[in-house]
Amino acid sequence: MLLTSAFAQGKGTVIFHEGFTGPLSADWKPFKFSTLTDYHTGMDGTNHCLIAHSPGTASGLAHAVDAPAQGHFILTWRWKIDRCPPGGTDTKIATFDHTARVFVAFKTFIGPPRSVNYAWADQAAVGSTFLHPNSGRARFITVETGNAKAGQWLTETRDVTADWRRLFPDMEMPQPKAVGVITDSDGTGATVNGWYAEIELRVK
């Protein structure tokens, strides 16, 4: 759910913030699906950011968060892409590639964590939802789509609690355990670049 309340003006308690103003912290843990995407901090104009370079690779980074067991959670971030992977899709595992994805993972006791994923989609309409083709535990909301805004820095604010209820309507929301990013293009074999900045998770 796109946020229009007072949270959009920065209210609430910050439980995680990353500005990428220095070298990438060891608290950012990589996880891979094939070859590792290159992630490094740097500058893009006046923006401190995390730069993701994917020459047909697929991996992500996750940072643990010390979140309360209950609360209303809001996620904000800035991002940019150079292009969507040509031939990329949002529904077929063979071409399930995304230049930029931000996610919140939740505590689970059995199996992989469930996650709310915010995608810069290849084809899906903004506001639409979809599942990872291989796992219903990873569910997606399209925040941006296609190449119309490629090359532009965009600021996003999402109501994670409301988005969980939309994506997992029959489940109570568990405790958030990590925030992360994924840039991948292993299915299409394309070379794509994503930029991430000012990722922040707040709770009320």
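The values are calculated or read from the model by the stated rules, or taken from the named source; none is laboratory data. What you see is a predicted model; the values in this text were computed from it and never measured. Cβ placement follows ideal geometry from the backbone for every residue including glycine, while neighbour counts extend to all protein chains displayed.
From the list ASP170, ASP97, pick out the single residue that is closer than 25 Å to LEU24 by Cα and of a type outside the set (A, V, I, L, M). Result: ASP97 is the single residue among ASP170, ASP97 that is closer than 25 Å to LEU24 by Cα and of a type outside the set (A, V, I, L, M). Kindly establish whether MET1 is out of contact with any Ser or Thr (no Cβ under 8 Å at 6 or more places or on another chain), farther than 20 Å from THR108 by Cα and modelled with pLDDT of 95 or more. Here the answer is no, as MET1 does not meet what is asked. If you go through segment 100-131 and keep only what is of a type in the set (S, T, N, Q) and closer than 23 Å to PRO30 by Cβ, you end up with THR108, SER115, ASN117. Being surrounded by fewer than 19 Cβ atoms within 10 Å (Cβ to Cβ), among the polar types (S, T, N, Q), out of contact with any Gly (no Cβ under 9 Å at 6 or more places or on another chain) and at pLDDT 95 or above is a description that applies to ASN147.
A single entry from VAL102, VAL116 fulfils the requirement of being out of contact with any Cys (no Cβ under 7 Å at 6 or more places or on another chain), surrounded by 13 or more Cβ atoms within 10 Å (Cβ to Cβ), without any contact (Cβ under 8 Å) to a residue 60 or more places away in the chain and closer than 23 Å to GLY136 by Cα: VAL116. List every residue pair whose Cβ atoms lie under 9 Å apart, where the two residues are 6 or more positions apart in sequence or sit on different chains, the first residue falls within segment 165-179 and is closer than 13 Å to PHE109 by Cβ, and the second residue, located anywhere, is among the β-branched types (Val, Ile, Thr). Close Cβ pairs satisfying both conditions: PRO174/THR108; LYS177/VAL65; LYS177/VAL104; LYS177/THR108.
Can you pull out the strands (runs of 3 or more DSSP E) entirely within segment 9-87 that have at least 1 residues that are aromatic (Phe, Trp, Tyr) and modelled with pLDDT of 95 or more? Explain how you work it out, then say what you get.
Details: elements: 13-18, 28-32, 38-44, 47-55, 58-64, 73-81.
Counting at least 1 such residues, we get 13-18, 28-32, 38-44, 73-81.
THR108 falls short on exactly one of the conditions (1) under 29 Å from GLY12 (Cβ atoms); (2) of a type in the set (Ser, Thr, Tyr); (3) in a strand (DSSP E or B), and that condition is (3).
Exactly one residue out of SER59, SER54, SER128 is touching a Ser or Thr at 6+ places or on another chain (Cβ under 7 Å), surrounded by fewer than 20 Cβ atoms within 10 Å (Cβ to Cβ) and among the small types (Gly, Ala, Ser): that is SER128. For segment 134-144, name all the residues that are more than 11 Å from the chain's Cα centre (by Cα), farther than 18 Å from ASP170 by Cβ and surrounded by 15 or more Cβ atoms within 10 Å (Cβ to Cβ). Across segment 134-144, the qualifying residue is only GLU144.
For segment 173-204, a tally of residues being in a loop (DSSP other than H, G, I, E, B), at pLDDT 95 or above and farther than 20 Å from HIS98 by Cβ returns 3.
Here is a yes/no grid of residues against (1) under 23 Å from THR145 (Cβ atoms); (2) of a type in the set (Phe, Trp, Tyr); (3) in contact with a His (Cβ under 7 Å, 6 or more places away or on another chain):
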{"residue": "LYS11", "(1), (2), (3)": "no, no, no"}
{"residue": "PRO23", "(1), (2), (3)": "no, no, no"}
{"residue": "PHE33", "(1), (2), (3)": "yes, yes, no"}
{"residue": "ASP44", "(1), (2), (3)": "yes, no, no"}
{"residue": "HIS53", "(1), (2), (3)": "yes, no, no"}
{"residue": "ALA62", "(1), (2), (3)": "no, no, no"}
{"residue": "THR76", "(1), (2), (3)": "yes, no, no"}
{"residue": "ASP82", "(1), (2), (3)": "yes, no, no"}
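Out of THR157, THR99, one residue alone is modelled with pLDDT of 95 or more, within 11 Å of the chain's Cα centre (by Cα) and in a strand (DSSP E or B). It is THR99.
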